[in-house]
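See below for the structure under consideration.
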Amino acid sequence: MTAIDTISQREAEVVEEFALFDEWLDKYEHIIELGKSLSGVDPEFRTDHWKVKGCQSQVWLQPGTEGDLVVFKADSDAAITKGLVALMVRVLSGQPAEAIARAPLGFLESIGLREHLSPTRANGLASMVKQMKLYAAAMSGRGNEGGQDG
Amino acid sequence: MSAVFSEAEIAEIRGRFPILSRQVHGKPLVYLDNAASSQVPSSVIDAMSDFERNHRANVHRGVHKLSQEATEVHEGVRDRVASLLGAACREEIVFARGATEAINLVACTWGATNLRPDSVVLVGELEHHANLVPWQILSSRIGFRIEKIPALDDASLDQAAYRALLERHHPALVAVQHVSNAFGTVHPVADMASAAHAHGALILVDGAQSVPHRSVDVRALDCDFLAFSAHKMHGPTGLGVLWARKELLDAMPPWQGGGDMIDKVSFSGTTFHEPPWRFEAGTPHYVAAAGLHAALDFLEEIGIGRVHAREQELLAHAHEVLGAIPGLRILGTAPDKEGVVSFVLDGIHHYDAGMFLDQMGIAVRTGHHCAQPAMERFGVTGTIRASFSVFTTEEEIDRLAAGVVRLQRVLA
Ligand SMILES: Cc1ncc(COP(=O)(O)O)c(C=O)c1O
């Protein structure tokens with residue numbers, strides 16, 4: 001990881017990437033493609049306990065740590081949701097807990113996905129982001145113990 | 001194309017619904033979510049607006065002119081609903097917030113006084129949560145058992161199993177939908193009512209999906225309670241109806257307390273108003289009553305028989321064009337259905353499909369349709385549901401079908 005690998009740097013990359021698409025269909029096809037690259041969660045995390053509430057589709061979120069950084073794995077049974085989830089993992093995973101907890105995530109607006117963050121949207125992206133931030137906040141609260149969340 | 005309306009008539013009917021001229025994501029709106037909420041014609045919007053501008057005042061008790069006018073509107077719609085349903089008298093019509101509140105009212109009053117720990121309530125497997133959860137909440141308090149009337153593979157209810165359940169349990173109540181919101185199935189509630197009565201049970205019919213689409217006569221059905229919502233029949237939100245037989249209402253204790261539902265109040269004791277007002281505590285939604293008048297005018301003018309006939313044409317067309325799409329499976333194939341088509345797509349999540357259709361300007365509902373046990377019965381987490389109205393056209397259904405084929409190419 002280089003020094004410029006911050007959340008806002010990753011957001012800028014995503015915005016640049018999405019600027020290629022004028023058509024909604026192309027944009028969603030790209031989101032779906034992103035989802036296909038998602039590695040999914042470990043089998044013991046594919047349970048109700050690790051499911052994010054408030055999604056019409058199912059989303060599983062697996063938090064962990066690598067050194068001082070928070071890492072996420074995630075999965076969904078719906079293609080678009082999985083793509084959105086992949087996008088969030090790409091932007092947030094492997095970043096310091098405090099940065100995750102504070103990230104304003106303005107890029108969703110820039111790439112025209114702001115509506116997906118509305119709490120009334122059935123995809124539960126808002127719940128997913130909230131859950132990622134909660135895990136991050138919990139981990140930063142624990143200081144530098146560096147333990148595995150379980 | 002339609003044997004019920006000429007093309008000019010269909011265009012004229014559509015012209016009455018301002019929302020149908022909307023664009024969504026740059027495309028003309030195709031509104032196929034009528035089972036969740038139907039749309040309102042201008043006349044309904046105008047009636048409510050006129051009421052607010054010219055007649056608004058609290059109903060009952062007022063001696064001034066505006067209050068009398070408002071009371072006439074509010075009580076007048078009670079008369080019209082009574083005649084719509086073939087009620088024995090206007091006092092059988094109780095206003096509530098919607099079908100949900102109407103069913104909760106029955107649970108909290110009739111249910112709380114008549115159900116005992118050893119009672120049994122039969123509930124259909126396909127019920128909207130509004131006709132299951134109130135009974136579960138009450139059951140957790142009283143301790144009675146809830147038995148499920150199972151559904152068959154075509155999303156009809158297993159009538160043989162129903163008879164056996166009546167024999168075995170002698171339930172106090174049967175709570176069943178007239179029409180399934182998830183699959184469109186019309187259940188034979190008149191037969192189910194006579195079987196229930198023969199076994200000493202009362203029957204509550206959830207009419208939320210039937211009253212807006214077919215002629216419903218409570219005497220012909222011979223049921224005991226019937227609930228529905230105005231917003232599914234081109235009327236306003238926030239207003240629903242409980243119809244109940246007069247003898248039952250007379251014997252039911254009040255539910256919510258407050259203004260309007262009392263006879264005489266003092267600290268040494270309070271006596272209650274007669275039904276239906278006993279069950280209508282507080283200021284009612286009288287503006288919605290003005291809207292419901294106009295919605296009933298609309299349905300009367302078109303004729304509920306023609307609404308039904310037209311929606312049957314649309315249903316047949318939808319089964320034909322959607323049924324021909326490879327990888328699409330329709331859930332709900334019973335012969336008697338209202339204008340609802342629920343389907344799943346091989347390898348495609350209903351949420352993804354709904355998102356794509358939305359981008360094409362097509363409004364369908366995806367998910368469990370507030371009937372999770374029904375979804376479980378068919379082994380799915382949800383479906384894609386298109387539900388029709390008298391203003392729906394074959395072209396709109398064709399656009400849905402084309403949209404499905406297009407999204408299959410991207411998503412499958
Ligand atoms: C069959 C059925 N019952 C009850 C309801 C609840 O109606 P409301 O939300 O208007 O109270 C609905 C609405 O979706 C329904 O379809």
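The values are calculated or read from the model by the stated rules, or taken from the named source; none is laboratory data. Keep in mind that this is a model prediction, so the values were computed, not measured. Methodologically, a virtual Cβ is constructed for each residue, glycine included, from the backbone with ideal geometry; neighbour enumeration extends over all protein chains shown. Only protein heavy atoms, including side chains, enter the accessible area calculation; ligands, DNA and RNA are left aside. Shrake-Rupley method; radii C 1.70, N 1.55, O 1.52, S 1.80 Å.
General observations
- Linear extension gain, A:Glu98 paired with A:Val15, 0.36 nm per residue minus alpha-carbon span: 27.6 nm
- For B:Ser38, residues with placed amide H under 5 Å, excluding near neighbours: B:Lys232, B:Met233, B:His234
- Sites B:Arg306 and A:Ser8, calculated FRET efficiency, Cβ-Cβ separation with R0 45 Å, nearest 0.05: 0.15
- Couplings for region B:32-41, taken from phi via the Karplus curve 6.51 cos²θ - 1.76 cosθ + 1.60 with θ = phi - 60°, read 10, 10, 6, 6, 7, 8, 7, 9, 10, x Hz in order; Gly and Pro are left as x.
- Protein heavy-atom accessible surface, 1.4 Å probe, per residue over region B:47-299: 38 Å².
- Over region A:43-94, accessible surface divided per residue gives 39 Å², non-protein components excluded, 1.4 Å probe.
- B:His369 - accessible surface, heavy atoms, 1.4 Å probe, Å² rounded to 10: 10 Å²
- B/A buried area, accessible surface, summed, 1.4 Å probe, Å²: 1400 Å²
- Close amide H contacts of B:Ile146 (hydrogens built in the peptide plane, cut-off under 5 Å, sequence separation of 5 or more or a different chain): B:Val121.
- Portion, in percent, of the accessible area of region B:47-299 that falls on carbon or sulfur, probe 1.4 Å: 53 percent
- Share of carbon and sulfur in the accessible heavy-atom surface of region A:7-140 [1.4 Å probe, %]: 51 percent
- Residues of region B:348-377 buried by at least 40 Å² of accessible area upon assembly of all protein chains, compared with the chain on its own (1.4 Å probe): B:His349, B:Tyr351, B:Asp352, B:Met355, B:Phe356, B:Gln359.
- Amide H to amide H distances under 5 Å link B:Ile362 with B:Val30, where only residues 5 or more positions off or on other chains count and H is placed in the peptide plane.
- Members of region B:382-412 that become less accessible by 40 Å² or more once partner protein chains are added (1.4 angstrom probe, chain alone as reference): B:Arg406, B:Val410
- Computed from the C-beta positions of B:Asp398 and B:Ala3, the FRET efficiency with R₀ = 25 Å rounds to 0.85.
- Threshold 50 Å², region A:1-35 residues less accessible with all protein chains present than alone (1.4 Å probe): A:Trp24, A:Leu25
- Highest-MSF residue in chain A out of A:Trp60, A:Trp24, A:Trp50 [GNM, Cα springs under 10 Å]: A:Trp24
- Taking θ as phi - 60° and the Karplus parameters 6.51, -1.76 and 1.60, the scalar couplings of region A:57-68 work out to 9, 8, 10, 10, 10, 10, x, x, 10, 10, x, 8 Hz in sequence order, x denoting glycine and proline.
- B:Val380 versus A:Leu25: modelled label distance in nm, points set 7 Å from Cα along the beta carbon direction: 2.5 nm
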